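All of the numbers you see were taken from the coordinates with simple rules; none came from a lab. From a predicted model like this one, the values you see are computed outputs, not experimental measurements. As a convention, Cβ positions derive from the backbone with ideal geometry for all residues, glycine included, and neighbour counts pool all protein chains shown.
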Ligand code: URA
């Protein structure tokens, strides 16, 4: 499903155009559109989530749903300038199971993440961030190739498959799913990782 004539794009815009027609995995069939990254194309800090959710799929922009709001609100509260960040996802199509009128989010699998690494790799070559913040296990796997549990790795910097530096943290949707004290503990860890990432990169 990789087009024979696909030559690596030379600009971010060309990459975005090619990705809009991507059929490397099956997620393109049910999703509304490819959700490409956005932000500062020369950012020192890149933030990588898992995949677009329902809102992202409809609006065509990353981090515009509830988890994205949690991320962006905390960046604002910590005084971290969003104009200095490139926001993207490990997988660029929404994966879901239809339930009546609703679309229930599903995690992309290792194969889907691996296919989509092509696009993430291109974004990384164009942006060349000093540091990347990986939100959750899917982003961690996309960037580092390692699938072992996130808990002992969170808050630490690992080397990405492409040699870059990756700081691992929770996915914001995890914080939204937890209750009470667990949620506030995870939120504090998340905020401390945002601070550390911004401090190291920007
Ligand atoms: N929005 C995104 O674009 N990605 C995520 O991982 C979560 C919310």
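In terms of packing, defined here as the mean over residues of other Cβ atoms within 10 angstrom, the peptides 184-196, 58-70 line up highest first as 58-70, 184-196.
Take the Cα of residue 199, step 7 Å toward its Cβ, do the same at residue 125, and the gap between the two points is 3.5 nm.
Shape descriptor for the chain: Rg over Rh equals 0.94 (Cα atoms; Rh from the Kirkwood inverse mean 1/r). The value of relative contact order for segment 47-109, using C-alpha pairs under 8 Å at least six residues apart, is 43 percent. Rounded, prolate or oblate: which fits segment 38-79 when a ≥ b ≥ c are the square roots of the eigenvalues of the alpha-carbon gyration tensor, with rounded for a/c under 1.5 and prolate only if a/b beats b/c? Verdict is oblate for segment 38-79.
Looking at the chain alone, DSSP beta bridges between its own residues are antiparallel in about 40 percent of cases. For the peptides 87-93, 71-77, residues were scored by their other Cβ atoms within 10 Å and the scores averaged per peptide; the highest-first order is 87-93, 71-77. In plain terms, the chain from residue 30 to residue 14 could stretch by 3.4 nm, reckoned as 0.36 nm per residue minus the Cα-Cα distance.
Going by a ≥ b ≥ c, the root eigenvalues of the Cα gyration tensor, does segment 1-92 fall in the rounded group (a/c under 1.5), the prolate group (a/b larger than b/c) or the oblate group? Oblate is the answer for segment 1-92, as a/c is 1.5 or above yet b/c matches or exceeds a/b. Peptide packing for 34-44, 8-18 was compared via the average number of neighbouring C-beta atoms within 10 Å per residue; ordered from the highest value, the list is 34-44, 8-18.
Compactness ratio for segment 115-185: Cα radius of gyration over 2.2 N^0.38 Å (N = residue count) comes to 1.18. Taking the chain as a Gaussian network, Cα atoms linked when under 10 Å apart, which of 80, 113, 47 shows the biggest mean-square fluctuation? Its mean-square fluctuation being the largest, the pick is 80. Relative contact order of the chain: 22 percent, from C-alpha pairs under 8 Å at least 6 residues apart in sequence.
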